[in-house]
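Bear in mind these aren't lab numbers, they're just calculated from the coordinates by the rules spelled out. Predicted, not measured: the structure shown is a model, and the values here were computed from it. For neighbour counting, all protein chains shown are included, and Cβ atoms are generated from backbone atoms with ideal geometry for every residue, glycine included.
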Amino acid sequence: MARWIYVMGTLLVMVTFSFFIFYSVRAFNLTPDRPSASYNAPDYRFVLVTEEVDNDYWRLVEKGARAAAEKYNVSLQYTGPKQANFDEHMKMIEMAAASKVDGIIAQGLNQEVSPTLINRVTEKGIPFLTIDTDTPESKRVAYVGTDNYYAGFLAGQALVKDTKGEVKVGIITGRFDSANQKLRVEGFKDAIKGSDRVTVVAIDESQITRIQAAEKTYEMIKDYPDINAFYGTSALDAIGIVQVLESIGMTNRVYVIGFDILPETLQLLKEGKLEATVEQKPYEMGYDAVELMIQVVNGEKISTYHHTMTDVVRQKDLTQTETMTPGGMKQQ
Ligand code: BGC
């Protein structure tokens, strides 16, 4: 009996594994099975692996990347976990490398494990560009995205400038282990160091979801009833923060600064429920990353850092910002 169970168990594992390999390879097989007469074979195949595939911020990165891919006749695979998850993110990078694409564009999220993975990919001869979050300790060819420490510093400076009296800040950060989030917190803390009236009283993570951002905000207000400012360091955090403040009628006496310009963020700024946000350029990041990868695969030398613009946007800046589409990029 035990032997029978063992044999069946082994068979089941083998079948499951075969399915996994089959569908993994299919997921990254970017060439149509039977090319039609009008089929124009792409010059290159690139993969863009995101932190969370349906996140509005990443959809803007995708939009930019697709525009450049079309221009340069590149087949672009856009992928990522359904919900932010380091292991899945890394598995998708591994799968892209296994299907021998011409270039991989992805975040270097975790500074402890990302360098080993990125180095393994580049040692296979596949160039790797980091986007949005850098891994300077790896063999990635270059980084495209915000200078995250500087962006966090700008947020801290803005909060000091915009507030008076004693300020107790609660920070909602995307994920404690993500390098870009850490830098945004570090920059912020350094910027407020010079002010003896601003202190950080609590910090918690949202797993980059607005629901958890809201939950953590609610808990913080319960634990620190005198909190009078919030700083959200990933795209959906400020939206979750404001949702709670609104529900308990506190928007008027709490200062909120967030990150990014998504349609909802713009709306909250307009309504005066959000005081400021740190603008990033996700569309540009996607576009530039594909363009740079083309140069890399064509053997051109490129510089290591391509910092995209970042700035603080307040309600009074809106007339200018409103002429832009969400994501801050004037798109045609
Ligand atoms: C960050 C991304 C993150 C996103 C989550 C952005 O501000 O740059 O790294 O995935 O927020 O919503």
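Key figures for this structure:
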quantity	calculated
The stretch 33-96 versus the stretch 223-295: alpha-carbon centroid distance in Å	26
log10 of Debye I(q)/I(0), alpha-carbon scatterers only, for the stretch 91-189 at 0.13, 0.14 Å⁻¹	-0.53, -0.58
Lys, Arg +1 and Asp, Glu -1 on Cβ, resulting dipole of the stretch 125-214 about Cα centre, debye, nearest 20	140
Sum of side-chain charges, residue 259 neighbourhood, beta-carbon under 10 Å (Lys, Arg +1; Asp, Glu -1)	-2
Built amide H within the under 5 Å cut-off of residue 279, gap 5+	260, 311, 312, 313
Protection proxy ranking, peptides 276-282, 250-256, average beta carbon neighbours within 10 Å, highest first	276-282, 250-256
Base-10 log of normalised Debye intensity for the stretch 82-131 (one unit scatterer per alpha-carbon) at q = 0.13, 0.21, 0.30 Å⁻¹	-0.25, -0.67, -1.33
From phi via Karplus (6.51, -1.76, 1.60), per-residue ³J(HN,Hα) for the stretch 151-167 in Hz, x at Gly/Pro	4, x, 4, 4, 5, x, 4, 5, 4, 4, 5, 7, 10, 10, x, 6, 10
Long-range HN-HN contacts of residue 131 with modeled amide H, under 5 Å	106, 107, 108, 144
Local electrostatic count at residue 121 - Lys and Arg +1, Asp and Glu -1, tallied over other residues with Cβ under 14 Å	+3
J(HN,Hα) series, the stretch 65-81, from Karplus relation 6.51 cos²θ - 1.76 cosθ + 1.60, nearest Hz, glycine and proline x	5, 5, 4, 5, 4, 5, 4, 9, 6, 10, 8, 10, 9, 9, 8, x, x
Given charges at beta-carbon only (K, R positive; D, E negative), |dipole| of the stretch 181-252 in Debye	180
Over the stretch 161-227, relative contact order from alpha-carbon pairs under 8 Å, at least 6 apart, %	42
Sum of side-chain charges, residue 306 neighbourhood, beta-carbon under 15 Å (Lys, Arg +1; Asp, Glu -1)	-4
Relative compactness, the stretch 195-308, computed as alpha-carbon Rg over 2.2 N^0.38 Å	1.35
Unit charges on C-beta of K, R, D, E only; dipole of the stretch 180-315, Debye	220
Subset of 100/189; 193/301; 63/161; 216/270; 161/216 violating a 32 Å alpha-carbon distance limit	100/189; 193/301; 63/161
